[in-house]
Each structure stands twice: as structure tokens, then as C-alpha cells.
1. Note the buried accessible area between A and B here, summed over both chains, with a 1.4 Å probe, in Å² to the nearest 100.
2. Cut-off 10 angstrom, C-alpha nodes, Gaussian network model of chain A. Which of A:Met405, A:Met167, A:Met242 fluctuates the most?
3. Please turn the phi angles of region B:13-21 into ³J(HN,Hα) values with the Karplus equation 6.51 cos²θ - 1.76 cosθ + 1.60 (θ = phi - 60°), one per residue in order, whole Hz, x for glycine and proline.
4. Where Lys and Arg each count +1 and Asp and Glu each count -1, what net charge lies around A:Leu302 among other residues with Cβ under 10 Å from its Cβ?
5. Please compute the average number of Cβ atoms from other chains found within 10 Å of each residue's Cβ in peptide B:134-147.
6. Return one number: the angle in degrees, 0 to 90 and rounded to the nearest 10, between the long axis of the Cα atoms of helix B:65-76 and the longest principal axis of the Cα atoms of chain B.
7. For the pair A:Glu224/A:His15, report the inter-label distance in nm, with labels modelled 7 Å from Cα in the Cβ direction.
8. Does any residue of region B:96-131 lose at least 30 Å² of accessible area with all protein chains in place compared with its chain alone, and if so which ones (probe 1.4 Å)?
Amino acid sequence: MNIHIKQGRLVDPKHNIDAIQDVFVSEGKIAGTGHAPDGFVADQVIDATGLVVCPGLVDVAVRLREPGNEYKASLKSELRAAVAGGVTSLACQPDTDPVLDESGLVEMLKHRTKQQQLSNVYPLGALTLQLAGKQITEMNELTDAGCVGFTQSDNSITDTQVLWRAMQYAATFGFTVWLRPQEPYLARDGVAHDGEVATRLGLKTIPVAAETLALATILHIASETGAKVHICRLSSAEGVAMVKEAKQKGLEVTCDVSANHLHLTEHDIGFFDTNCHLRPPLRTQRDRDALRQALLNGTIDLVCSNHSPVDEDAKLMPFGEAEAGATGLELLLPLTLKWANELNIPLLDALTRITIAPATTLGIAQGHLGLNASADICIFDPQQYWKIEPANLLSQGKNTPFSGMELAGKVRYTLVNGQVVYSS
Amino acid sequence: MHNPQLTKEGKLQHLLTTEGLPRAILNQILDTAESFVGVAEREVKKVPLLRGKTVCNIFFENSTRTRTTFEIAAKRLSADVITLNVSTSSQSKGETILDTVNNLTAMHADMFVVRHAESGAAHFIARHVAPHIHVINAGDGRHAHPTQGLLDVFTIRRYKPDMHNLRVAIIGDVLHSRVARSEIHALTTLGVPEVRVIAPKTLLPQHVEKLGVQVYHDMNEGLKDVDVVMMLRLQNERMNGALLPSAQEYFKCYGLTPEKLALAKPDAIVMHPGPMNRGVEIDSVVADGGQSVILPQVTYGIAVRMAVMSILAGNSE
């Protein structure tokens, strides 16, 4: 199958290309850009005039909910949402039921996601059995089964000796440990930032210190053990400053921010809007501005959707009882573009943070359109506004703080392995 | 942002919090309450304003006093009253709040009085009820207890009519107190120039000063020259642990004794939302003393709740 993508604006951050160039796809690979390879005969021509052609997006933080929570979402629904959002590779979280803590489960998941023939799925395995923070998992077995890193999801390890050993063990084999910094005692029962809004609304709080204390612990252990660490979902200006300092000292650390946190603050909770019940909590404008700047200056390496579909009933509750999370796969592109537009950031630099940067962090070969690269391609209209509402979202999770808003950036075609898996 | 407790015309649709309520509506409630104070002193303690209406008290969290005063208020307005203690019935069977509310709506209730342990529960219910139903928040988590805040303000106004010339001190567990939040918003909206909170740092929320109050940790300083001393209840479970070392030490630092009260203005009034912990936050001598208006607060509570219910009912006509 040969596909000729014609007259599009090719933006490939890895190769620093931003130009009107045709893209030629053959046998699932990139066969050439600019000029057709010798003897190329297209089976299909995609007219990309006025559209951006870029590597398929890579999202490092996705909850597929399957197995165990199919009432919230299923592999089928979420992978369809992924390709509708232009996401062709994603890392999924192990906090399913059962937890992804043994190789058989990972193999099963890989097999079942392959069957869908949609996005490529790269599981993050559990760092400890049951994510309980007591016994480390068989990281080599899990890696052989397909895991690309290890994480605790939202379950912090309270026992620092276990954390130390887990990172030491991971460091032995060069595995990356993905940790969201949150000190569980300070965050206990909390649902909102410890600030003005929570004070007014009487919500239980998660102070910034819950992030910075955990971050200090993680960075310190990383430095001692030599573990490769990826810091997940930074939420505070203080956290940003600590990561910046660690990077300046030469620590091998990367980090991400969720697209929600680039745009929202505690004030968006308004009158208890459960769509804004997120983990980590939305913080102040100062924090949000620091996150936006850090993503620009490289302290934060990449943006993720932190896609966490929640069923309707779990949000139809008072704020504190509602389940945390928001759908995100289909919003990653428009929310990243919004950030770039607001900060006057060139498209190429914006797309870096959702293509090659996350691919590099995950250690996967995707995220670019070089010769012979896997033909995972996103073709989108950067000018087209679309309304975020349940009817327009393929994800089974319909809840997002951006519900009702119009955002620019609509995916028109998504290709995975040279196959058109989505078009609109 | 649209204020969820007002109609498009700016009238009161629900009473969820005192925050953001226009001064005119606060005054309307207080003035209406004045007219109901007399009802209780009549031989026939009833007015027909809510005749044929059904008021439903839904208590997801236990309460005796608030529930009783709402019942009395509704009955004096001639409404039919149903009281549900949901904490002991359907919630334990897995029914959601919305299920409960929808069931009661199907029974043609007109007004819901709601108490729930989670902040925002009343807003949540108000957002999902049929448009003809009025919701009154009878306490949601740490967030708001507007009728209590209003009855406190009503009491103050009765004893100290010049609201623009008052110093009010609120003492105790502000962090967990929906009463304190509702009082602060009502007092500041009505133009009270100085509201103080007095508490150890463990019992104050972050940035409490953004609510428009002055923060004191030393009771001897904070009580100086105040006109109103409002004590807050300290829940038993907060007395020993990480927030406070003991009830004794709390009383030593923040309990209201005659000596401390002497620092306030000589004609200062003493208030407490009840139920009191004598010897923990307040000395019995003070609670039962000449400056205490704690029992009048209870009496006025009924008048204020009648006022709120009658205004809401009037706004649907």
C-alpha cells in the first residue's frame, strides 16, 4: 500500500523540517519526503493542502482502564479516541485491575491492543507488586514482555527504603522509573490546592509541600542510586525550580506536565466543578505560569494528556467524593497548540513536546518522519476550531474541564504503520 | 460567573452560601426575619405562607438541632414537613445522592433542606434538581452553613444595630468550620469593618485573610475592644492529635473565660452556634452570664429559617 500525502506543511521536529513537502508512505514506512522515490505509484493520495503533516503524537500518560474498569473505558474506545486525537503511540498506566505487575498480564495487554490495529501501546509496568510499595516487581520479565518503564501511578511509596531499593534495582538494568511526586501523608484526603479557593469552598487540601517534599526525596535517591527518573505531572512553581536545579547539576532526569495544568488554575473549580477535580490538583496562576514557562525553556521536557476517563456517575457527586481525572487523548493536540499560540511559540517547537520528546523519554523509535521510520502520521488543520462536547469525543470518558470550549486544531487523518486508521 | 443561587432576575432561587449574596438580599432575609420573631410569641404560632407546600429535610449527616429548627420553622409556616435521615437509610444501601433527590422530587416536594458531610453537596443538588425546587443548605462539609451565619448576623444586628461600626472576633476551629465561613461572608457583605479570627495556626485555613479577616493567634490581643465574641465549637475528634494537644491546653489558650472576656468592650455580646463544649471552648460562667446571647440565637434561628423559606416560596410565584 502506497500513500502519497500531497501539498501539506510537513513539520518534523526531530529533523528540524517545517516546509511544504509531500510525504510518501510505502509498506508501512516513510519512503521519502519532498520527492517521490523511484518508481513510486500511489494507491491513495491524501490532499493535505492547508493542513499540517507531522509525526503521530506520543502520549506518555494514558489510562486505558482495561482490564478491570471497562465501565469507565475499554481498549477499543480509548484507542479509537487516541487516533482521533492524532496519538499514534502511547504509554499506558499499570493501575488497572489487576495491576500490571506480572509479565503475563503485559503480554495479554500488548496482544489485545495489537489486535485493535490502532495506536501502538507501550505499557509502563508497576514498580512494586499491586502498586503497594512493598515488594519490587520482576522488572526484567516485565521489560521482556513489553514494558518501557516502571511507575507507581498515583500510589506513592511511603517506605523510603523500598523506594531506594526499587530505584537501585531499576538503575542496575538501566530501566526508567516514572514517579509522580506526592508525599502521601501531607496529601491525605486532599482534593484541591491548599490556597484561596479551597479555603473559600472548604475543600480538603494538598499543599505544594506534598509535591516538593516527595520531589526532594526522589531527586536525592536518584542522585545516590544513579537511577534514570522521569518526574510525572509537575504542578507547582517550586517543583519546577527543583527540577531545574537538578538538571543543572547534571542529574539524568526528565519531566512532564499535563495539558490541563498548562491552562487551568484552582479558580477554574468555580462552584465545585468536578471536571476540575484532577490529580495533581490545579494550583495558582503563578504555578500555572511557571509550568508554561518551564515547558518553553526545557525544564519540562514534554506535555501529556494524563488521559483518565471517568464514568459519568463518578463525577455526579460532590467535589470531594467525585473521582479525579479527565479525558484527554483528543485534547492533547489542541491544548498544546493553545499553549504555543498564547506564548507565540513556533509550531515546530510546540510539536517537539508531543512527538520526539516523549518518544525519546519512552525510549521508542517513533516520533519522527525520517526515512524508513514507521509511518505513524498525524495530519491536522491548525486553524479549524471544534467544540469540546460529549458528542464530539470518541473516548468513553466525556468529562473534561474544557467541556463547552472551542479549541483550534482538528485532526483530519491519522496513520499508523502506513494505514489510515482515522479520518474526518 | 453565574451565581447558582440566584434566578436570572437576581432573586433568591436557592440558599447555598452567604458568599456572593447581594447585600439587598441579606437585608431582605434579616428584615423578613424581624417580622417572624413575633409569631412565636403568639398563642397560635402559625402563618399560612407555605400552606400546601412540602418541605423535605434531607440529612445525609446527623444533626438534631438544625434539623429540629428547620422543622419548626417549616411547620410555623404551615408547610408539610418530611424528614429523612439518609445517613441511616438509603446511602448505606448504595443509593446515590441524586437517586435520593430524584425520588423525593417524584414525590412532589417543593423545597429541600440539605445537610451533607461533603463541601459542595448543596451546590451539587441545586444544580440537578427540577427548576421549581428550592434548595436550602443546612450545612455542607467545611464550606457553608448559611442559615446559621444569617441567624448569627441577625442576633448581632438586634443587639448592635450599627453594623458599620463593629468589631467582631470569631474564635476557634475556623479550618473545619462552615459556620465561620458563612459568618465572615455575611458580616463583610453587610459592611462590618473589622472581623477578626483568633486561633492557633493548625485551625486556620491557608490564606484565610483573603476572606477579608484579620488574623490573631493570641486571644488576649484579639479580644481587645471587640463588640462581638463568637465562639466556635471544637469537635471532639480534633481535640487530641496533630491539630491540638489536649482540650485542657486549648481551653488555656483559646477558651473564653471571664478574665479574657473582660478585654472586650464592656457591653460585648457572647455567641456560640451550639452545641457547646463547656470547659473546652467556653467557661460556663460566661456561657450562662449576662453578656451571653446564646439562647436568643436559637430563638432567632427559627425566625431566620422561616424568613428564608418564605422568601424562596414567594420567589416561585
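The values are calculated or read from the model by the stated rules, or taken from the named source; none is laboratory data. None of these values were measured; they are calculated from a predicted model. We place every Cβ from the backbone using ideal geometry, glycine too, and count neighbours over all the protein chains shown. Ligands, DNA and RNA are stripped out before the accessible areas are found, and what is left, the full protein with its side chains, is counted by its heavy atoms. Shrake-Rupley method; radii C 1.70, N 1.55, O 1.52, S 1.80 Å.
1. On the way: alone 16500 and 13590 Å², together 28210 Å².
Rounded to the nearest hundred, the buried surface is 1900 Å².
2. Residue with maximal mean-square fluctuation among A:Met405, A:Met167, A:Met242: A:Met405.
3. 9, 9, 10, 10, 7, 7, 5, x, 7
4. -2
5. What the average comes to for B:134-147 is 2.
6. Tilt of helix B:65-76: around 50 degrees.
7. With each label placed 7 Å out from Cα toward Cβ, I get 4.6 nm.
8. Output list: B:Glu118, B:Ser119, B:His123, B:Phe124, B:Arg127.
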